[in-house]
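Note sheet for the following structure.
Any read-out appearing in this document is the output of simple, stated calculations on the displayed coordinates, not a laboratory observation. Remember, it's a predicted structure, so these values are computed and weren't measured experimentally. Methodologically, a virtual Cβ is constructed for each residue, glycine included, from the backbone with ideal geometry; neighbour enumeration extends over all protein chains shown.
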Ligand SMILES: [Zn+2]
């Protein structure tokens with residue numbers, strides 16, 4: 001390579017500096033050399049101590065599994081490194097060698113260079129996000145007016161208001177992440193037989209004494225009746241309408257997008273904005289999960305389990321009251337009836353009824369994918 005070419009190279013690249021660029025310039029700046037060894041003016045001569053080094057490009061060949069020659073190592077030794085421009089030609093320096101062979105001043109330059117590179121990536125992501133704004137707002141509007149949201153909120157309200165203590169009981173089961181089960185108190189006949197054998201001749205005497213003291217003589221044990229699993233758990237836990245939460249999430253996203261629309265934000269401000277938006281995406285995912293859970297909660301099998309569980313609870317309650325009052329329990333008639341995607345409480349003229357419409361479909365997760373894509377993509381000018 002002639003001195004002339006190196007000089008031309010130097011003149012050209014002196015104009016392209018990564019320092020002090022506005023966002024527009026930054027977006028078009030090329031930080032990465034995709035094939036550093038093929039750049040013009042590369043020399044393997046040791047860097048002259050009287051020339052100032054200028055960081056020109058970075059390279060990262062880890063993805064391709066190719067190591068790059070290094071002016072200090074003298075052989076292909078590094079996946080990651082930088083191209084350093086001197087008046088006498090370019091040098092390829094491995095990242096680790098850049099830190100060991102150069103002073104503090106150069107290290108500071110390297111940090112600034114990497115910061116500018118990161119800033120470019122954030123600026124691209126910010127542009128991509130800004131470009132996606134109309135789609136994001138359209139998807140929010142579509143979701144908020146999706147019939148699934150209205151159905152969920154209406155059924156959640158009817159369930160909580162119309163099914164009183166049963167709704168509270170199921171919410172307890174849901175919060176403890178348990179199965180639907182009823183704890184029954186039953187006579188423990190085995191334990192009574194064992195006691196009779198143990199007491200022998202003293203049996204009648206002991207019984208008289210216990211009764212005279214006003215204590216119960218019969219022995220009881222508790223037995224769990226397992227009715228089955230509870231499906232659509234989050235529906236039963238939840239008490240806040242989806243429409244309320246969507247409004248709050250939409251508002252927060254809108255505010256963050258307004259902040260991010262400002263030019264001249266620092267890298268930190270931009271990445272903080274992205275992090276906050278990512279949190280909102282997680283919140284949004286939970287609302288979609290609630291819409292899915294509604295269908296599971298109102299599946300025929302789940303409603304049948306809930307009806308069975310609620311009836312067994314009521315029957316056991318009535319039986320215990322009878323025992324306390326020392327009378328025979330009245331015959332029990334079921335009060336809860338499941339029929340397909342419908343649950344009814346009561347047999348009189350005004351039973352509480354709750355039904356999931358056959359046409360119910362959870363809203364499509366379009367907004368979620370729009371946001372995820374907008375937050376992860378680089379802007380393509
Ligand atoms: Zn090296």
For the pair residue 188 and residue 272, how long in nm is the line joining their label points, each one 7 Å along Cα→Cβ?
6.3
To test your reading of the geometry: what angle, between 0 and 90 degrees and rounded to tens, separates the Cα axis of helix 300-324 from the longest principal axis of the chain?
40
Rounded tilt (10° steps) of 189-199 against the dominant C-alpha axis of the chain:
60
What angle, in degrees between 0 and 90 and rounded to the nearest 10, separates the Cα long axis of helix 242-260 from the longest principal axis of the Cα atoms of the chain?
10
Listed residues 322, 191, 98; largest mean-square fluctuation, Gaussian network over the chain with Cα springs below 10 Å, found at 191
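With both bridge residues required to lie in the chain, what share of the DSSP beta bridges run antiparallel, to the nearest 5%? Could you put the intermediate results ahead of the total?
On the way: 30 of 32 bridges.
Percentage antiparallel, nearest 5: 95.
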Would you give the gap between the C-alpha center of the stretch 112-174 and the C-alpha center of the stretch 287-323, rounded to a whole Å?
29
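Using a Förster distance of 51 Å, how high is the FRET efficiency between residue 51 and residue 247, based on the Cβ-Cβ distance and rounded to 0.05?
On the way: r = 62 Å, r/R0 = 1.21.
Given R0 = 51 Å and the Cβ-Cβ separation, E is 0.25.
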Separation in nanometres of the label points that stand 7 Å from Cα toward Cβ, at residue 133 and residue 333
6.5
Report the residue, chosen from 145, 210, 259, that carries the largest GNM mean-square fluctuation when the chain is represented by alpha-carbon nodes joined by springs under 10 Å.
210
Separation between Cα centres of the stretch 326-352 and the stretch 201-272, rounded to whole Å
26
Efficiency by 1/(1 + (r/R0)^6): what FRET value for residue 179 and residue 60, r their Cβ-Cβ distance, R0 = 51 Å, to the nearest 0.05?
0.45
Calculated from DSSP helices alone, with each H run of at least 4 adding -39500 (n - 2.57) and the total divided by the residues of the chain, [θ]222 nm to the nearest 500 comes to -17500 deg cm²/dmol
Hey, in the GNM for the chain with a 10 angstrom Cα cutoff, which one of 270, 242, 185 fluctuates hardest?
185
